[in-house]
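Chemist: This is the structure I want to talk about, given as structure tokens.
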Amino acid sequence: MAATDKLDKVDLQILQALQDNARLTTRELASRVSLSSTPVFERLKRLEREGYIMKYVAVLNADKLNRGFVVFCKVKLTRLNSDVAAMFAGVVRSLTQVTECYNISGGYDYLLKVNVTDMKSYRDFILNVLGRLDYLSSIESVFVMDEIKHDYGLSLI
């Protein structure tokens with residue numbers, strides 16, 4: 001059974017509405033899904049408890065905050081086992097420049113999305129942070145020239 005099999009149409013409508021605007025009040029959500037506030041509040045708490053809603057965030061403008069220099073960084077480790085993978089994951093989780101990290105298949109082991117101020121700060125990041133990890137074999141950088149699409153939500157309905 002797929003996880004979404006537990007969700008009914010109203011649950012999906014609530015999730016879709018929150019993806020569009022996480023600041024909606026319970027009353028506003030209730031109005032959108034044609035229920036009273038109490039059942040909507042109970043559904044919200046259940047969706048949070050069951051992990052469908054992981055957290056509520058504000059989407060910030062990286063350019064205005066001088067973090068709009070985006071690089072996708074492909075990383076290959078010298079060896080890949082559970083100990084090295086755990087060490088690398090721990091390091092990556094602590095790096096504020098890394099906004100996303102994926103364990104991938106193919107010629108590289110990980111794909112990192114890095115947000116920094118400029119080329120110099122990226123160079124410093126590579127030389128003084130990633131480059132200091134003794135279990136790194138290679139790094140390939142792909143520089144973003146223009147963002148064409150960046151959806152923050154999932155297609156639900």
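Chemist: Just checking, which of Lys55, Lys45, Lys64, Lys76 is in contact (Cβ under 8 Å) with a residue 60 or more places away in the chain and of a type outside the set (A, V, I, L, M, F, W, C)?
Modeler: The match here is Lys76.
Chemist: Taking the conditions exactly as written (farther than 30 Å from Tyr135 by Cα and outside any helix (DSSP H, G or I)), does Tyr102 satisfy them or not?
Modeler: For Tyr102, the condition - farther than 30 Å from Tyr135 by Cα and outside any helix (DSSP H, G or I) - is not met.
Chemist: Something else now. Only one of Leu47, Leu127 is under 30 Å from Thr26 (Cα atoms) and of a type in the set (A, V, I, L, M, F, W, C); which?
Modeler: Leu47
Chemist: Keeping to the range 79-106, report how many residues are hydroxyl-bearing (Ser, Thr, Tyr) and in contact with a strand residue (DSSP E or B) (Cβ under 6 Å, 6 or more places away or on another chain).
Modeler: Of the residues in the range 79-106, 2 are hydroxyl-bearing (Ser, Thr, Tyr) and in contact with a strand residue (DSSP E or B) (Cβ under 6 Å, 6 or more places away or on another chain).
Chemist: Are any of the residues in the range 132-150 closer than 30 Å to Asn21 by Cβ, of a type outside the set (Val, Ile, Thr), surrounded by 12 or more Cβ atoms within 10 Å (Cβ to Cβ) and in the same structural domain as Cys73 (by TED's automatic domain parsing)?
Modeler: No, there is no match, as no residue in the range 132-150 is closer than 30 Å to Asn21 by Cβ, of a type outside the set (Val, Ile, Thr), surrounded by 12 or more Cβ atoms within 10 Å (Cβ to Cβ) and in the same structural domain as Cys73 (by TED's automatic domain parsing).
Chemist: Please state which of the following conditions Asp151 fails to meet, knowing it meets all the rest: (1) part of a helix (DSSP H, G or I); (2) under 18 Å from the mean Cα position of the chain (by Cα); (3) acidic (Asp, Glu).
Modeler: Failing condition for Asp151: (1).
Chemist: Kindly indicate whether any position in the range 66-89 is outside the structural domain of Gln16 (by TED's automatic domain parsing), closer than 28 Å to Lys6 by Cα, loosely packed, with under 15 Cβ neighbours inside 10 Å and at pLDDT 95 or above.
Modeler: no
Chemist: Now a separate question. So which of Leu47, Leu60 is of a type outside the set (Val, Ile, Thr), closer than 28 Å to Leu15 by Cβ and at pLDDT below 95?
Modeler: Numbers: Leu47 fails: at pLDDT below 95.
None of the others qualify; the one that does is Leu60.
Chemist: Ok, one more. Kindly provide the set of residues from the range 114-131 that are in a loop (DSSP other than H, G, I, E, B) and surrounded by 13 or more Cβ atoms within 10 Å (Cβ to Cβ), ordered by number.
Modeler: Across the range 114-131, the qualifying residues are Thr117, Val129.
Chemist: Further question: Determine which single condition Leu111 fails, assuming it passes every other condition in (1) assigned by TED's automatic domain parsing to the domain that holds Asp83; (2) assigned to a loop (DSSP other than H, G, I, E, B); (3) in contact (Cβ under 8 Å) with a residue 24 or more places away in the chain.
Modeler: Just one mismatch for Leu111, condition (2).
The values are calculated or read from the model by the stated rules, or taken from the named source; none is laboratory data. Owing to the predicted nature of the structure, the values given are computational and were not obtained by experimental measurement. As a convention, Cβ positions derive from the backbone with ideal geometry for all residues, glycine included, and neighbour counts pool all protein chains shown.
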